[in-house]
Amino acid sequence: MKFQKKSKVTSQIPQASLPDIVFMLLIFFMVSTVMKEHEGLKVQLPDAKEVKKLEEKRGAATIWADEAGRISIEDNIVQPSQLRDIVYKMVSDPLNPLKIVSLRGDKDIEFGRIAEIHEELRTVGGAALNINYSTLVEAD
Amino acid sequence: MLLDKKKKGSAEIPTSSLADIAFLLLIFFLVTTTIATDKGISLTLPEKGQETKVRSKNITNILINAQGLIMMDEEQIDVSQISSQARQMLDVNENLIFSVKAVKGAKYETYIDVLDELKEANAPRISIAEPE
């Protein structure tokens, strides 16, 4: 007995819409990507449990404070007293105004260093008062 | 005189490689995207020169010294007990302000631990005192 070939449909996957799908994915990644802007200092972040995500990544300024007591912002190592001018410029930038300051401090530095940064940020005021101490998420 | 038609090629843009180009870009963005988000403890610092008088019964002082010892309301306390202690205090007085005061030589890690404990207790008002 011979089997009949019933199907005469060509078995091809339509590829015409492939570029459209790929472009859609591409556009999603292009929009959602935030490139790393600045290199910081090497720090060992402290642990914490009650952490919050830093939502405003585009309007965030990052200040690094490492174990040796150096402070870095926007690829420059600065003295604490220079922070206010730099941060003030960022707050008053009309295109990309500062919304939050992310503070990446090494867990072994002295609190006095952090207090100096606080003092500078308080001098600037406004959006610079919103700070986020970067931490690692502590496992229970 | 008749001009020869030299061109006989079809005037179509080849689109077959479009997908390849798009994939290449896609892979580039996939690789460079950092999903890892920054996490941390958020806090709002007070405006400079802004001082508010608070009744002393509404303040709990938390002191941190250079040795990493913590004192809460005149009593030495372990870091892990701060949140439960703070929660009990907030039950009694919900307007309580926790004033964290660390000396200059205190470790940043201890300070973050204390803040973390207070956040865990849902303390609504945390104040950071400047070290002398």
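The values are calculated or read from the model by the stated rules, or taken from the named source; none is laboratory data. Everything quoted here is computed from the prediction, not taken from an experiment. No Cβ is skipped: glycine too gets one built from the backbone with ideal geometry, and neighbour counts run over all protein chains shown. Accessible surface is based on the protein model in full, side chains and every heavy atom, while ligands, DNA and RNA are left aside. Shrake-Rupley method; radii C 1.70, N 1.55, O 1.52, S 1.80 Å.
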>> For a quick check, take a GNM of chain A with Cα springs below 10 Å and name the residue from A:83, A:25, A:54 with the largest mean-square fluctuation.
In response: A:25
>> Given points 7 Å out from each Cα along the Cα-Cβ axis, report the residue A:57 to residue A:74 separation in nanometres with one decimal.
In response: 2.2 nm
> How far is the Cα center of the range B:65-129 from the Cα center of the range A:42-62, in Å?
Replying inline: 21 Å
> For the range B:2-132, what size does the Cα cloud have along each of its three principal axes, sorted from largest down, in whole Å?
Replying inline: 107, 32, 31
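Normalized C-alpha radius of gyration of the protein assembly as shown, against 2.2 N^0.38 Å?
Working: Rg = 28.7 Å, N = 272, 2.2 N^0.38 = 18.5 Å.
Against the compact-globule rule of thumb, the ratio is 1.55.
Quick one: length gained pulling residue B:80 to residue B:13 fully straight, 0.36 nm per residue minus the C-alpha distance?
Details: separation 67, 0.36 × 67 = 24.12 nm, distance 6.86 nm.
Once the chain is fully extended between residue B:80 and residue B:13, it gains 17.3 nm.
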> From Cα coordinates alone, what are the radius of gyration and Dmax values for the range A:8-96 in angstrom?
Replying inline: 22.2, 80
> How much length is gained on full extension from residue B:129 to residue B:23, taking 0.36 nm per residue of separation minus their Cα-Cα distance?
Replying inline: 32.7 nm
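When Cβ neighbours within 10 Å are restricted to other protein chains, what is their mean count per residue of peptide B:77-85? Working shown, then result.
On the way: counts 0, 0, 0, 0, 0, 0, 2, 0, 0.
If you average over the peptide's residues, the count of other-chain Cβ atoms is 0.
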> Which far-off residues, 5 or more places away or on another chain, put their amide H under 5 Å from the one on residue A:52, with H placed in the peptide plane?
Replying inline: B:40, B:41, B:42
> Given the options B:69, B:24, B:115, which has the most mean-square fluctuation in a GNM of chain B, springs set between C-alpha atoms less than 10 angstrom apart?
Replying inline: B:24
>> If I ignore ligands, DNA and RNA and count only protein heavy atoms, how much of residue A:109 is accessible to a 1.4 Å probe, in Å² to the nearest 10?
In response: 10 Å²
> Compactness ratio of the range B:58-106: Cα Rg over 2.2 N^0.38 Å, N = residue count?
Replying inline: 1.14
> For the pair residue A:93 and residue B:71, what calculated FRET efficiency results from E = 1/(1 + (r/R0)^6), where r is the Cβ-Cβ distance and R0 = 35 Å, to the nearest 0.05?
Replying inline: 0.25
